[in-house]
1. Within the stretch 124-216, which trypsin sites (Lys or Arg not before Pro) sit in a loop by DSSP and count at most 16 neighbouring Cβ atoms inside 10 Å?
2. Calculate the FRET efficiency for Ala45 and Asn155 from the Cβ-Cβ distance with a Förster distance of 35 Å, rounded to the nearest 0.05.
3. Quick check: residue separation of Asp91 and Thr172 times 0.36 nm, minus the Cα distance between them. What number comes out in nm?
4. Sort Thr73, Thr149 so the one with the fewest other Cβ atoms within 10 Å of its own Cβ comes first.
5. Once you put a point 7 Å from the Cα of Glu71 and another 7 Å from the Cα of Lys110, both along the Cβ direction, what distance in nm separates them?
6. Per residue and in cubic angstrom, what volume does the convex hull of the Cα atoms of the stretch 21-208 have?
7. For Ser162, Ser54, Ser125, Ser146, what's the fewest-to-most ordering of other Cβ within 10 Å of each Cβ?
8. Which net charge results when you count Lys and Arg as +1 and Asp and Glu as -1 among the other residues whose beta-carbon is under 14 Å from that of Gln177?
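Coordinate-derived values only; no laboratory data. Worth saying up front: this structure is predicted, and the values here are computed from it rather than measured. Cβ: placed from backbone, ideal geometry, glycine included. Neighbour counts: every protein chain shown.
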Amino acid sequence: MKNDKPILSNIRLDSIGRRQFSLGLASLATAAFLPNTGFAQSAAAAQKIADHFSSVKTMMGEFVQFGPRGEQTGGKFFIERPGKLRFNFEDPSPIRVIADGKNVVIGNMKLKTWDVYPLSKTPLSLLLSDRIDLGNQMVRDVKQESDLTTIVLGNKTVFGDSTITMMFDSKTYDLRQWTITDAQNKDTSVMIYNVRNGVSLDDKVFTIPYDEVRKG
């Protein structure tokens, strides 16, 4: 089992290799910082959106992912806050991504191989946290538009140069897209749709098969 890689990034899900996988919304983390006063006002408004998102404890739906080289895949996702996520990529991709609150694993069902990362060392943990607190030093940028509010989070001490960018509908507060930008400034986009909130999810959905992980 590999636990020495601190950041969930540089993991691809296509023929290039699983180690280029990351979850994200492309090309949003480069937005300019707002002036201090405007930033504070925007952050206060964005906190309301973040609180609404944090109040949604379970989600499921479909997604489309765009990799750093434009590769495209899709499938179904499941989220249970705090800390749990599952991505089932549609055929012919054999990839599964599972977070159980402690670790994140990326598994290739065809090759029977697994990579394991501590969830707390990945920007993905911010998306899955029990509450997104925009009053701390993790906020890199907040950008408000009429239809979308963009929030960029990161922590150099924990994640290095990696960041996660989340985009919310400014009116409904629903999460629309997100990105993880890795230390090489590579993005992978995720757009979610047909989302259902407050659904009942079996614990087995987020169970990591550690016996198989140890063998791989």
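1. Values: sites: Arg131, Arg140, Lys143, Lys156, Lys171, Arg176, Lys186, Arg196, Lys204, Arg214, Lys215; in loops: Arg131, Lys171, Lys186.
Sites meeting the loop and neighbour criteria: Arg131, Lys171.
2. So the FRET efficiency works out to roughly 0.95.
3. Contour length minus the Cα-Cα distance gives 25.9 nm.
4. Working: Thr73 19, Thr149 23.
Final ranking by Cβ density, sparse to dense: Thr73, Thr149.
5. Taking the simple label geometry, Glu71 and Lys110 are separated by 1.1 nm.
6. Working: hull volume 21.7 nm³, N = 188.
Each residue corresponds to 115 Å³ of Cα convex hull volume.
7. Ser146, Ser54, Ser125, Ser162
8. On the way: positive: Lys143, Arg176; negative: Glu62, Glu145, Asp147, Asp169, Asp174, Asp187.
Summing Lys/Arg as +1 and Asp/Glu as -1 gives -4.
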